[in-house]
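Please read the structure below before turning to the comments.
Read-outs: derived from the displayed coordinates by stated rules, not from any lab. These numbers come from a predicted model, not from an experiment. Cβ atoms come from the backbone with ideal geometry, glycine included; neighbour counts cover every protein chain shown.
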Amino acid sequence: MKKKAIGGVILTAVLSVALLAGCGNGGQAGTNADNKKSDKELVVVTNATFPPFESVDTSSGTKKYVGLDIDIANQIASNLGVTLTFNDIAFSGLIGSLMDGRADFAVSAMSPTEERKKNVDFSDSYFIPRNAILAAKGSNYTALDQMGGKKIAVVFGTTYEKDAKAIPGANVVALDNSTAVIQELNNKRVDAAFIDGSQAAVFVQKNPELEFHLLPPTDDSFAFAFPKGSKWVEPFNQELKKMKDNGELNKLIEKWLGKEFSQQ
């Protein structure tokens with residue numbers, strides 16, 4: 001994630017250590033890959049502070065995970081005849097949860113980088129993102145080479161952080177989640193944020209004092225992450241291919257992101 005790499009203020013310090021458990025298709029809070037009831041239940045870790053990919057909706061009075069990633073994961077699970085239990089943790093802890101057996105897979109707008117592949121396996125990609133610079137209206141930051149000497153907020157552990165640190169002279173502020181990134185931007189403690197373009201569009205809808213500019217396409221992508229040697233990689237790949245071929249994947253992308261983000 002983001003980046004790879006939208007909502008109210010959540011304390012960064014709390015999110016960096018909290019493990020908030022919730023349910024995908026009726027799973028119980030606190031379940032992990034070691035104490036789940038059966039092989040028909042998969043434990044999923046996500047960082048649910050990244051709308052429109054994953055976030056928590058409490059409008060109905062109950063905690064519900066929503067977003068593009070959540071819909072894709074639930075559709076695949078339904079096709080495979082399994083149920084999902086979602087655990088919400090810091091993005092920086094996702095890989096570790098897979099490595100130590102606390103989860104069966106992770107979905108959180110995560111890019112399958114070579115560094116991450118040393119520790120986990122990835123599915124085929126399900127989304128090709130467009131990165132963006134988000135800043136105060138009128139800033140007109142349209143390219144990363146404008147960021148030299150600027151203070152840039154990113155989510156810690158994402159490819160956005162890595163790419164931002166490669167900008168000569170940039171002062172990179174790495175935070176636990178995208179909510180904290182927007183808080184820093186709104187409080188004028190940073191000049192800009194480097195995030196996913198579809199997420200930037202959602203932020204601007206909710207924060208009209210901001211603007212964003214999409215950057216040229218890269219070779220980045222989002223995929224599911226699994227423990228090394230997981231038996232679930234191939235079944236997920238097969239279901240992803242079906243969803244791509246029958247148009248179901250693009251329907252979900254258009255539902256959450258708009259037609260401009262449909263995949264070719």
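With the simple spin-label model, which puts each label point 7 Å out from Cα in the Cβ direction, the GLU114 to MET99 separation comes to 1.9 nm.
Cross-link partners of LYS162 among aspartates and glutamates, defined as those whose alpha carbon lies under 16 angstrom from its own and excluding same-chain residues fewer than eight positions apart: GLU114, GLU115, ASP145, ASP176, ASP196, ASP219, ASP220. Give LYS63/LYS165; LYS151/LYS244; LYS118/LYS165 a once-over and call out the pairs whose C-alpha atoms are over 28 Å from each other. Too far apart for the 28 Å limit: LYS63/LYS165; LYS151/LYS244. Checked against a 24 Å cut-off, the cross-linked pairs LYS40/LYS228; LYS117/LYS255; LYS228/LYS255 give Cα-Cα distances beyond that limit for LYS117/LYS255; LYS228/LYS255.
Counting neighbouring Cβ atoms within 10 Å and putting the fewest first, the residues LEU257, LEU94 line up as LEU257, LEU94.
Computed over the chain, the quotient of the alpha carbon radius of gyration and 2.2 N^0.38 Å is 0.96. Spin-label model, LEU215 to GLU254: label points 7 Å out along the Cα-to-beta-carbon direction sit 2.9 nm apart. Temperature 10 °C, viscosity 1.306 mPa s: under these conditions the Stokes-Einstein estimate for the stretch 131-214, based on its Kirkwood radius over C-alpha pairs, is 130 µm² per second. Quick one: if the Förster radius is 41 Å, what FRET efficiency do LYS188 and ASP39 give, using the C-beta to C-beta distance and rounding to 0.05? About 0.20, to the nearest 0.05. Here LYS241 is the anchor, and the aspartates and glutamates within straight C-alpha reach of less than 16 Å, apart from those fewer than 8 places off in the same chain, are ASP69, ASP71, ASP124.
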